[in-house]
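Here's the structure we're looking at; comments come further down.
The values are calculated or read from the model by the stated rules, or taken from the named source; none is laboratory data. Predicted model only: the values in this text are computed from it and were never measured. We place every Cβ from the backbone using ideal geometry, glycine too, and count neighbours over all the protein chains shown.
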Amino acid sequence: MDFKKIFKGENKKEDTNNLALNELFWGEGENENKAPSKISERDFNVEEIFQDALSKWASDIHIEPDETNLNIRFRVDGTLVNYKTLDESYKSSLIARIKVLGWLKIDERRLPQDWKASFNEKKTNTSIDLRINVIPTIYWEKIAIRLLKKENEWVDLRTIWILPMNMVRIKKHLADNFGLCLVVWPTWSWKSTTLYAMLSTFDTNDKNISTLEDPVEYRIKWVNHTQINPAINFNFADGLRSLLRQDPDIIMVWEIRDSETAKLSVEASITGHIVFSTIHANSSVSTIQRLVNLWIDPLLIVSSLRMIISQRLARKLCPHCKIKYKPEEIVKDKVIKRIWKYINPDEELFFYKVNETGCEKCNHKWYKWRTWIYEILEMTDWLEKLILSGASNTQLEIQAIWDGMVNIKDDALLKVALGEISLEEVFNILWN
């Protein structure tokens with residue numbers, strides 16, 4: 001059988017000796033009397049779905065069955081948008097083809113499966129990693145695919161839109177000889193992208209840089225990327241314990257999930273290593289309590305911690321069709337009250353909003369890509385004293401702002417004033 005033709009949707013029944021495989025590709029119970037022409041080659045071109053997803057700047061593809069259809073949606077700038085709806089006759093063939101691409105068991109429909117694959121984007125000749133997850137539902141199997149570019153030229157501190165005063169703070173701590181730097185906030189806020197951006201600033205020729213990841217998302221030359229594998233009991237704690245015997249200068253731990261990993265990360269950071277990691281917390285100051293909850297002694301926290309970066313993603317207004325407007329006085333006064341010390345008070349303040357008709361540049365979706373909004377907490381002498389005294393999060397935040405921290409809401413409002421994001425977007429993300 002020509003396996004390549006089967007994958008492309010050609011010569012569906014050319015080999016009757018492989019009826020079982022054909023049924024897995026083209027649906028159970030199909031027979032020779034059903035005309036292949038009923039299903040066009042375009043509908044079954046999986047690569048075209050990937051190309052269309054990338055052309056629309058999608059980060060994920062969702063293939064979702066219901067009672068009568070197979071729905072395909074793209075996650076674009078954090079929002080799911082409809083792409084295509086196929087009737088139920090396409091379920092088994094399309095899902096089987098994606099399973100083959102991801103080296104998954106095409107006859108396993110009872111258990112979740114996940115794996116990685118890759119394909120080449122024709123337009124830019126860029127290799128794209130695919131993280132494929134399949135889970136059974138009451139109607140059929142649902143597939144989620146995350147798209148990740150292997151090349152990481154764009155992963156740079158200059159491209160993740162950090163305000164100048166925050167950039168100064170980050171660069172100061174990247175020059176430290178040891179210490180712990182954490183990136184926090186919810187899942188899918190691109191915390192790992194910020195970690196890669198910081199790693200890319202180091203000269204890899206004279207430093208031993210190692211990572212522990214789940215999964216490895218990007219590759220940096222001369223960085224030793226290691227993927228953990230819980231299936232064989234290779235977890236972050238085991239990997240970190242081993243890495244410390246590898247004479248590392250810089251360590252990146254993809255996520256601190258448990259007390260053991262937290263303790264090892266802290267110990268590594270106070271014994272001459274720079275450690276970068278992420279942790280789930282609601283804000284920069286609440287990260288302190290999160291570490292305490294993981295049984296880290298407050299004295300070790302203040303001895304090791306150098307910087308906490310709290311971040312969220314916001315949809316960027318399309319620069320080609322956004323609309324400039326003058327805000328109402330009451331709104332303008334409230335915004336200026338928060339950000340007055342970061343802007344020129346003599347300049348007229350204008351905001352931007354979406355153009356409801358959109359344009360071709362943004363596929364009439366009003367937004368084009370996403371940007372980061374940040375809050376960067378630095379460890380200071382006064383903060384150390386408050387942490388050791390058991391101060392509340394409110395007290396810690398007040399002191400951090402007094403020490404120069406730009407509150408994440410103020411960072412967002414500054415980007416509103418600069419025309420990058422809309423005021424409505426900020427309220428939806430941070431005040432909703």
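Restricted to region 239-275, and to residues that are β-branched (Val, Ile, Thr) and in contact with a strand residue (DSSP E or B) (Cβ under 7 Å, 6 or more places away or on another chain), which residue is surrounded by the most Cβ atoms within 10 Å (Cβ to Cβ)? Ranking the qualifying residues of region 239-275, first place goes to VAL253.
Here's the yes/no breakdown for (1) under 23 Å from the mean Cα position of the chain (by Cα); (2) farther than 20 Å from TRP161 by Cα:
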| position | (1), (2) |
| --- | --- |
| ILE387 | no, yes |
| GLU397 | no, yes |
| ASN407 | yes, no |
| VAL416 | yes, no |
| GLY419 | no, no |
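Against the criterion of being at pLDDT below 95 and closer than 27 Å to SER389 by Cα, THR261 does not qualify.
Give the residue, chosen from LEU104, LEU94, that is out of contact with any Leu (no Cβ under 9 Å at 6 or more places or on another chain), crowded, with 19+ Cβ neighbours inside 10 Å and among the aliphatic types (A, V, I, L, M). Answer to the selection: LEU104. With respect to VAL285, is the statement that it is modelled with pLDDT of 85 or more and in contact with a helix residue (DSSP H, G or I) (Cβ under 7 Å, 6 or more places away or on another chain) true? Judged against the criteria, VAL285 is a match. The requirement of being among the aliphatic types (A, V, I, L, M), closer than 24 Å to ASN229 by Cβ, surrounded by 15 or more Cβ atoms within 10 Å (Cβ to Cβ) and under 16 Å from the mean Cα position of the chain (by Cα) is fulfilled nowhere in region 157-180; no residue meets it.
Scanning region 52-104 for residues that are among the acidic types (Asp, Glu), closer than 30 Å to TRP366 by Cβ and at pLDDT 85 or above gives ASP52, ASP60, GLU64, ASP66.
Checked against the criteria, ILE296 does not count as among the hydrophobic types (A, V, I, L, M, F, W, C), part of a helix (DSSP H, G or I) and farther than 18 Å from ASP410 by Cα. Just one residue in the set LEU386, LEU418, LEU413 is on the phi < 0 side of the Ramachandran plot, loosely packed, with under 15 Cβ neighbours inside 10 Å and either without any contact (Cβ under 8 Å) to a residue 40 or more places away in the chain or hydrophobic (A, V, I, L, M, F, W, C) (or both); that residue is LEU418. Inspection of region 298-307 finds a residue satisfying the criterion of being surrounded by fewer than 22 Cβ atoms within 10 Å (Cβ to Cβ) and free of Cβ contacts under 8 Å to residues at least 60 places away in the same chain. With respect to SER283, is the statement that it is closer than 20 Å to GLU378 by Cβ, assigned to a loop (DSSP other than H, G, I, E, B) and in the same structural domain as CYS181 (by TED's automatic domain parsing) true? Criteria met by SER283. Applying the condition of being in contact with a helix residue (DSSP H, G or I) (Cβ under 8 Å, 6 or more places away or on another chain) and aromatic (Phe, Trp, Tyr) to region 366-401 and asking which residue is nearest to SER286 (Cα to Cα) yields TYR374. Residue count for region 119-146 satisfying the condition of being under 14 Å from GLN51 (Cβ atoms) and in a strand (DSSP E or B): 8. For THR187, are the conditions met, namely being outside any strand (DSSP E or B), more than 18 Å from the chain's Cα centre (by Cα) and either surrounded by fewer than 18 Cβ atoms within 10 Å (Cβ to Cβ) or modelled with pLDDT of 85 or more (or both)? For THR187, the condition - outside any strand (DSSP E or B), more than 18 Å from the chain's Cα centre (by Cα) and either surrounded by fewer than 18 Cβ atoms within 10 Å (Cβ to Cβ) or modelled with pLDDT of 85 or more (or both) - is not met.
TYR218: in the same structural domain as GLY272 (by TED's automatic domain parsing), in a loop (DSSP other than H, G, I, E, B) and touching a residue at least 24 places away in the same chain (Cβ under 8 Å), yes or no? Taking the combined requirement at face value, the residue satisfies it. Listed by first and then second residue, the pairs linking a residue in region 53-70 that is in contact (Cβ under 8 Å) with a residue 12 or more places away in the chain to a residue that is among the polar types (S, T, N, Q), with Cβ atoms under 7 Å apart and 6 or more places separating them unless they lie on different chains, are LYS56/ASN363; GLU64/ASN71; PRO65/THR137; ASN69/THR85.
Whether a residue is at pLDDT 80 or above and either among the hydrophobic types (A, V, I, L, M, F, W, C) or touching a helix residue (DSSP H, G or I) at 6+ places or on another chain (Cβ under 6 Å) (or both) was assessed, and TRP115 passes this test.
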